[in-house]
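Q: This structure is in structure tokens; I'll ask about it shortly.
All of the numbers you see were taken from the coordinates with simple rules; none came from a lab. Note that the coordinates shown come from a computational prediction; the quantities given were computed from them, not determined experimentally. Virtual Cβ from ideal backbone geometry, glycine too; neighbours counted across all protein chains shown.
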Amino acid sequence: MLENCQRHHMLIGLGALTIVTILVLIVESRYAAEGPRRTREQQFVIENNSTCWRTEKYTVVQECHPCSDFDIVSRSLGVCIHTHYKEVLRCQSGEIVTKSCDRVALIEQRNFVKFEALCLVVGVLGYLVSYARDRVLSRRNYMRIERQLNRVQ
């Protein structure tokens, strides 16, 4: 079927797919940014952990990072149950608190970029293999036609 499509039709289709992909990415990123935002009161706190971070100023000791497999499986750290990510804070009073947090956007963005790069590499390799195969078949066809013409003469 693709061999019957003209080149400009294929380019128009590819352009349309590219535009749709970009629009989906824009809409998805805006939806994710404007989606249900958790306020401090909506955070998951599942243990008798201090909530000084709600009332006092705090500093972040450890940024949001994944809980260990042991914490998740054993449920020893209650803040790891829902999101599997935790953040360590130090309140102004000096108390150190662990609180649940959403997955780090940077990690998701990095994974997405890796996925897109992999798709690009696979696409380019597929194109190169297809192009090489087309060249080989064209060369064989050209040689066959040349032999037929040489026989006729």
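Q: Amide H of Cys101: which non-local residues (sequence gap of 5 or more, or other chain) have their own amide H closer than 5 Å, using H built in the peptide plane?
A: Tyr85, Lys86, Glu87
Q: When the C-alpha atoms of segment 43-103 are aligned to their principal axes, what extent does each axis show, in angstrom, from largest down?
A: 32, 21, 17
Q: A follow-up question, please. If you take the beta carbon distance between Val88 and Arg30 as r and set R0 to 35 Å, what does 1/(1 + (r/R0)^6) give as a FRET efficiency, to the nearest 0.05? Don't skip to the answer; put the middle values down first.
A: Numbers: r = 31 Å, r/R0 = 0.89.
FRET efficiency, Val88 to Arg30: 0.65.
Q: Computed over the Cα atoms, what is the radius of gyration of segment 104-153 divided by 2.2 N^0.38 Å, N being its residue count? Could you put the intermediate results ahead of the total?
A: On the way: Rg = 21.6 Å, N = 50, 2.2 N^0.38 = 9.7 Å.
Compared with the compact-globule rule of thumb, segment 104-153 sits at 2.22.
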